[in-house]
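Remarks on the structure that follows.
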Number of protein chains: 2
Amino acid sequence: MNETNPQRGNRLDPWLDSYATRAYGLRESETRSLFAVASRPEVVSLAGGMPNLKDLPLDELAEATARMIRKDGGRALQYGNGQGLPRLREQIPEVMALEGIDADPEDVVITTGSQQAVDIVTELFIDPGDVILTEAPTYVGSLSIFSTYQADVQQAPIDADGVIPEALEQTITDLERQGRHVKFFYCLPNFHNPAGVSLSEERRPQVIEICRRHHILIIEDNPYGLLDFEGRTHTALKTLAPDDVVYLGSFSKIFAPGYRVGWAVAPPAVREKMKLASEAAILCPSSVGQFSISNYLDNFDWRGQIQDFRTMYRRRRDAMVDALSEFMPMCTWNVPEGGFYVWVGLPEGLDAKEMLPRAVTNLVAYVSGTAFYAGGRAGRDHMRLSFCYPEPVDIREGVRRLSEVVTHDLELVNLFGPACQRPSGGVSAPSPDQV
Amino acid sequence: MNETNPQRGNRLDPWLDSYATRAYGLRESETRSLFAVASRPEVVSLAGGMPNLKDLPLDELAEATARMIRKDGGRALQYGNGQGLPRLREQIPEVMALEGIDADPEDVVITTGSQQAVDIVTELFIDPGDVILTEAPTYVGSLSIFSTYQADVQQAPIDADGVIPEALEQTITDLERQGRHVKFFYCLPNFHNPAGVSLSEERRPQVIEICRRHHILIIEDNPYGLLDFEGRTHTALKTLAPDDVVYLGSFSKIFAPGYRVGWAVAPPAVREKMKLASEAAILCPSSVGQFSISNYLDNFDWRGQIQDFRTMYRRRRDAMVDALSEFMPMCTWNVPEGGFYVWVGLPEGLDAKEMLPRAVTNLVAYVSGTAFYAGGRAGRDHMRLSFCYPEPVDIREGVRRLSEVVTHDLELVNLFGPACQRPSGGVSAPSPDQV
């Protein structure tokens with residue numbers, strides 16, 4: 001919206017004067033506004049984070065769902081309890097056990113995707129102006145929630161091993177020197193969105209020690225942790241510090257997002273408040289969705305399915321990094337060991353945000369790095385490329401098309417100088433080689 | 001929670017000092033805390049608002065769902081768009097047409113139950129301390145949301161014809177005299193929860209005229225509008241004033257709540273913000289849920305099903321008012337023409353909140369009227385009795401058990417004087433004969 005000057009209504013919006021302060025911060029996210037463009041069939045979208053579901057056994061799922069409705073329909077179609085279906089709360093720790101996490105079903109709160117869990121935890125902890133610390137860059141969907149709650153988002157830089165402990169501590173200390181306490185550190189330790197990196201094993205206890213010393217709660221958002229291409233797992237922050245971490249998990253990437261079922265595991269007092277906040281917001285998560293997921297975990301080889309997903313996504317990662325090597329030697333990138341994303345650094349002087357319309361004209365889409373920084377303070381020198389959804393052959397073609405755009409922009413820069421507006425130098429701007 | 005004095009953590013909750021101001025207002029609602037008790041099989045629960053789903057054709061639904069997953073599984077299991085499935089947004093106006101409402105699919109925002117729609121609209125309009133006007137009494141679930149957003153809830157009394165226009169105007173004028181503007185009027189015009197009454201046709205334009213004159217947005221919450229026992233409908237406020245009303249609908253009572261699919265129809269500028277707020281909170285509503293509902297509307301006689309629900313609920317309403325006449329002549333009540341609830345006035349001196357544990361001991365549950373007033377300012381002289389879920393024979397037995405408790409309490413009052421703490425005289429206290 002462009003209307004930032006409240007007044008007593010107007011012909012376009014008679015309620016313009018009535019909105020809450022937070023409503024003025026609502027805007028179409030950069031990822032969201034791309035959805036319409038990227039869904040045109042002729043565009044290769046390297047933008048979205050949609051999982052590839054083609055290998056799910058739809059016929060068997062159809063049959064199993066029918067059996068579930070016949071047997072449990074009376075409960076599956078009814079209201080459930082706010083904390084979530086007890087049976088599913090028992091099964092979720094089995095999923096978490098694959099990453100070595102020991103969770104108590106009592107501490108699980110099931111949510112409408114883990115997005116709702118981020119929403120609730122922000123609702124519980126953030127008054128307007130409170131400080132949230134995130135990695136720089138961080139997940140655009142969480143930034144959007146933090147903005148809704150009028151948080152002051154500060155970001156600490158990451159490198160190939162995740163957030164840099166010294167920089168994390170420095171950021172916190174600088175804030176404390178200004179009399180500002182960080183409410184929580186929101187962290188994506190595994191196969192980071194958008195940066196593709198993971199927090200190294202060495203740094204995990206360091207991050208916890210820093211947060212503990214400064215009395216900062218950790219929100220560990222882990223949708224991709226089981227999608228390591230070699231089947232390895234990392235030690236969860238939750239495992240290292242159960243009382244200091246609210247852990248967020250999701251079925252969206254290891255099964256299917258259409259059920260909108262995610263979860264949080266929180267220390268008991270926080271869990272209790274999360275349950276109440278979720279009840280207030282939605283009464284209860286979808287019973288049909290929860291019964292369906294529970295049914296899937298009971299009757300399908302879900303561990304084998306995760307293994308299949310890993311293999312499938314590894315092929316796509318390979319297709320992407322091969323194509324980058326072939327077509328984009330002028331750029332830098334990491335080789336992610338899991339998850340959905342490659343974080344591509346542009347040559348000096350190029351601007352990912354300004355380049356995007358030219359890319360779409362050339363029938364390829366990505367997300368500008370600016371989407372992943374609070375207040376658009378940085379990120380013009382990076383693009384997030386997703387390899388999760390398109391077929392390998394399309395990934396290659398998409399990168400090829402993108403390389404034409406980069407090459408063209410680079411020629412312009414060499415002729416006329418940089419179009420790129422450099423990051424404005426906030427606390428949080430990482431240098432291009434940090435990821 | 002009892003901890004209202006923030007401090008730097010404690011052994012029970014190390015994060016006690018970190019919560020946002022709004023989190024201190026979170027508490028188990030009176031309805032919610034009853035769920036555990038009321039679900040014991042030996043208790044007749046006249047407390048919950050769960051619809052009765054026994055007559056839904058589960059086998060056919062199972063088959064239809066299986067066909068849907070086979071055909072549309074690739075999309076139904078995937079992320080959808082934040083505003084909701086386009087096909088379902090086209091079908092929802094067909095449902096609304098049964099009440100004579102002309103809605104544009106473009107203005108429909110699909111939500112996780114209409115509860116989420118109340119949450120979003122409150123998020124959009126309410127800064128802490130802003131005034132929301134509701135009927136007295138009003139839906140407990142919305143009060144819980146309003147409290148989360150730290151609203152100042154003011155309530156205007158109702159009588160057998162719904163909210164009293166003169167009282168509504170007086171409440172608004174009194175507030176304006178204190179320099180306080182009402183942000184929105186939250187209204188349940190049809191088969192009110194908990195009071196069972198409907199706003200009369202005569203009063204509807206009056207209410208709109210008052211709100212319009214004071215520039216107050218109307219939130220019209222209408223989950224029960226199609227459940228008139230004679231099949232009649234009321235004129236929607238949305239029909240009378242499309243630009244002044246955010247209309248909320250739900251499939252929970254006319255089909256099944258387990259899908260968690262509700263919707264809002266809002267003026268375009270408000271709709272646009274609601275969409276963004278919903279995307280921030282949950283990305284998108286459940287695709288599986290939306291495809292299932294869409295499939296149901298396409299392939300089942302949903303109008304016939306609503307007619308069956310009406311007949312079934314009318315029988316239960318009859319069972320309840322018959323039992324009240326037989327066993328509870330010492331009380332007052334209305335005879336609702338639709339919906340789920342009877343609002344029962346207790347004899348002078350009795351206290352619905354204090355009596356509840358004795359009722360549960362006598363194996364019957366209800367909701368104390370206090371749940372439906374902001375700040376517990378009133379309602380001790382009323383009980384909400386639900387006739388939606390138990391069988392007629394159980395309704396009769398429940399009322400009989402309840403009559404024993406009332407009779408017992410009445411004897412005590414006659415011997416020792418009233419236990420009832422009278423309403424503390426806020427703006428909002430209605431007299432017992434107003435409903």
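No lab work stands behind these numbers, since they all come straight from the coordinates. Owing to the predicted nature of the structure, the values given are computational and were not obtained by experimental measurement. Positions of Cβ are backbone-derived with ideal geometry, glycine not excepted, and every protein chain shown enters the neighbour counts.
Annotations
- Calculated mean residue ellipticity at 222 nm for chain B: -13000 deg cm²/dmol, from DSSP H runs with n ≥ 4 weighted as -39500 (n - 2.57), summed, divided by the residue count and rounded to 500.
- Theoretical FRET efficiency, 1/(1+(r/R0)^6), r = Cβ-Cβ of A:ASP104 and B:THR311, R0 41 Å, to 0.05: 0.35
- Reachable lysines from B:LYS238, criterion Cα separation under 27 angstrom, eight or more residues apart if same chain: B:LYS183, B:LYS253, B:LYS273, B:LYS275
- For the axis carrying chain B to chain A: nearest C-beta residue of B, whole Å: B:ALA66, 2
- Rounded to the nearest 20 debye, the dipole magnitude of the protein assembly as shown is 200 debye, with +1 charges on Lys and Arg beta carbons, -1 on Asp and Glu beta carbons, and the Cα centre as origin.
- Choice from A:TYR149, A:TYR79, A:TYR247 showing the highest fluctuation, given a GNM over chain A with Cα pairs closer than 10 Å: A:TYR79
- Close amide-amide hydrogen proximity is noted between B:ALA151 and B:GLY129, each under 5 Å apart and 5 or more residues distant or on a separate chain (H modeled in the peptide plane; Pro and chain starts excluded).
- Net charge of the neighbourhood of B:LEU350, taken over other residues with C-beta under 9 Å away and scored Lys/Arg +1, Asp/Glu -1, is -4.
- The mean number of Cβ atoms from other chains found within 10 Å of a Cβ in peptide A:74-82 is 6, as a whole number.
- Relative contact order [Cα under 8 Å, 6+ residues apart], segment B:79-299, whole percent: 29 percent
- Taking the square roots of 5 times each eigenvalue of the Cα gyration tensor of segment B:181-300, largest first, gives ellipsoid semi-axes of 26, 21, 11 Å.
- Relative contact order for chain B, counting Cα pairs under 8 Å that sit 6 or more residues apart, in percent: 22 percent
- Across the identical copies, the 7 Å label point of B:GLU166, projected outward along Cα→Cβ, sits 7.8 nm from its counterparts, in ascending order.
- Shielding of A:179-187 by partner chains, average beta-carbon count, 10 Å: 1
- Basic side chains Lys and Arg get +1 at the Cβ, acidic Asp and Glu get -1 at the Cβ, and with that the dipole of segment B:79-299 about its Cα centre reaches some 480 debye.
- Principal axes of the protein assembly as shown: Cα extent on each, largest first, Å: 91, 58, 56
- Taking the square roots of five times each eigenvalue of the Cα gyration tensor of segment B:296-338, the equivalent ellipsoid has semi-axes of 32, 8, 5 Å, listed largest first.
- Cβ-Cβ FRET estimate between A:TYR24 and B:THR233, R0 fixed at 56 Å, reported to 0.05: 0.90
- GNM top mover of B:LEU133, B:LEU237, B:LEU412 - chain B, alpha-carbon springs below 10 Å: B:LEU412
- Whole-angstrom gap from segment B:154-187 to segment A:85-164, using each part's C-alpha centre: 40 Å
- By other beta-carbon atoms within 10 Å, ranking B:VAL182, B:VAL121 with the fewest at the front produces B:VAL182, B:VAL121.
- Cut-off under 5 Å, modelled amide H: who pairs with B:THR134 long-range: B:GLN154, B:GLN155, B:ALA156, B:TYR186
- Extreme residue, positive dipole direction of chain B, given options B:LEU412, B:GLY262, B:GLN290 (C-beta unit charges): B:GLN290
- Long-range HN-HN contacts of A:GLY338 with modeled amide H, under 5 Å: A:PHE229
- Partner chain coverage, peptide B:54-61 - average Cβ within 10 angstrom: 3
- Max mean-square fluctuation residue, GNM over chain A, Cα-Cα springs under 10 Å, options A:GLY141, A:GLY258, A:GLY345: A:GLY258
- Couplings 3J(HN,Hα) for segment A:331-338, derived from phi with the Karplus relation 6.51 cos²θ - 1.76 cosθ + 1.60 (θ = phi - 60°), are 9, 10, 7, 9, 10, x, 9, x Hz, where x marks Gly and Pro.
- Table column - 3J(HN,Hα) (Hz), segment A:269-281, Karplus curve with 6.51, -1.76, 1.60, x for Gly and Pro: 5, 5, 4, 4, 6, 4, 4, 5, 5, 5, 4, 4, 6
- Computed on the Cα atoms alone, the convex hull of chain A gives a volume of 160 cubic angstrom per residue.
- Neighbour-count order for A:GLU106, A:GLU99, fewest beta carbons within 10 angstrom listed first: A:GLU106, A:GLU99
- For chain B, a crude dipole built from +1 on the beta carbon of Lys and Arg and -1 on the beta carbon of Asp and Glu, taken about the Cα centre, is about 960 debye to the nearest 20.
- Inter-probe distance in nm under a simple model that places probes 7 Å from Cα toward Cβ, at A:ALA97 and A:GLU348: 5.5 nm
- Farthest toward positive dipole pole in chain B [+1 Lys/Arg, -1 Asp/Glu at C-beta], among B:ALA66, B:LEU12, B:TYR24: B:LEU12
- With one equal scatterer per alpha carbon and no solvent term, the Debye-computed log10 I(q)/I(0) for segment A:79-299 at 0.12 1/Å reads -0.59.
- Global geometry of segment B:127-210, whether rounded, prolate or oblate, following the gyration tensor of its Cα atoms and the 1.5 cut on a/c: oblate
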